Each structure stands twice: as C-alpha cells, then as structure tokens.
Amino acid sequence: MTESYHRVVEASAIEDRAMMPFIVNGWPVLLCKDEGQVHALINRCSHAAAQLAPGGRVRRGAVMCPLHGARFKLDNGECLGGAGYKALKLYPWRESADGWIEVAVPDEAPGAEHLPVKPLG
C-alpha cells in the first residue's frame, strides 16, 4: 500500500498528555503528546478494536485503552499488558515548515482486515 501525508492539526494545538483522535483518509488516527514528543498511532485497541480516544489516558510513555485497560508503548506500539494482544500500528508523521502535523496513511481506504481485533477462540 502506498502512503501519503495529510495535514491534520497545528502542532501548537497538541498539549502534553493530550490524546487527539482524527479520521485521516478514512483511517482512525490518534495523535498523542507525552513529555513533549508527538506520537501518531491507530486509534484502535488490538483487543476489541475499541477507540483509545476519547476516554483513554497517556502516561509514562504509554496509552491506555478505556475499555479493558490494555496499555501500549507510544514509541513502538508494543502491548505492555491488559487485554491487548499485539502491537498497534504507528503512522509516520512530520511537522511542516509552517507548524502543522502531517500524518502518512495508506492511500486506500481501510477495510475490516486493517483493524486490530483479537481473533475469537
């Protein structure tokens, strides 16, 4: 899948420990800021595809799912515990010269197979 960058939000609008959900070209994107560092990841828990935001929390380099408490590292998506079963997808991002956060997502719209859901059984 090819990816393209999309302008999402002004960098100055993201506060520390903030979680800002967006739909970017059909993809559920979560922008988080922790200790001054911005992170872009899929806004779905790998347990039941629940939204991480609104309702989740950012703390100590991780995001917590509000549904069952799964925790994921912001820097690599690794599941640290809880009901999640695999790492979350991270999206490449950059800050433009005029101060906007741009996130790269696939050019194709997402299908059910792109959402992280733990298989039954």
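Here is how the numbers come out for the structure above:
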| read-out | value |
| --- | --- |
| Matching residues, segment 34-59, being surrounded by 13 or more Cβ atoms within 10 Å (Cβ to Cβ), over 11 Å from the mean Cα position of the chain (by Cα) and either at positive phi or not small (Gly, Ala, Ser) (or both) | 34, 47, 49, 55, 57, 58 |
| Exclusive hit being crowded, with 16+ Cβ neighbours inside 10 Å, assigned to a loop (DSSP other than H, G, I, E, B) and free of Cβ contacts under 8 Å to residues at least 24 places away in the same chain, set 67, 88 | 67 |
| Members of segment 70-85 that are exposed (fewer than 14 other Cβ atoms within 10 Å of the Cβ) and not in a loop (DSSP other than H, G, I, E, B) | 81 |
| Of all residues making up segment 2-21, the number that are over 17 Å from residue 111 (Cα atoms), part of a strand (DSSP E or B) and either under 11 Å from the mean Cα position of the chain (by Cα) or among the acidic types (Asp, Glu) (or both) | 4 |
| Test result for residue 12, within 21 Å of residue 100 (Cβ to Cβ) and among the polar types (S, T, N, Q) | yes |
| Residue list for segment 82-121, restricted to those being of a type in the set (Gly, Ala, Ser) and modelled with pLDDT under 90 | 82, 83, 84, 109, 111, 112, 121 |
| Members of segment 27-61 that are small (Gly, Ala, Ser), in a loop (DSSP other than H, G, I, E, B) and within 17 Å of residue 71 (Cβ to Cβ) | 46, 49, 50, 53, 55, 56, 61 |
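The values are calculated or read from the model by the stated rules, or taken from the named source; none is laboratory data. Keep in mind the model is a prediction, meaning the values are calculated, not measured. Ideal geometry is used to build each Cβ from the backbone, glycine not excepted, and the neighbour counts take in all protein chains shown.
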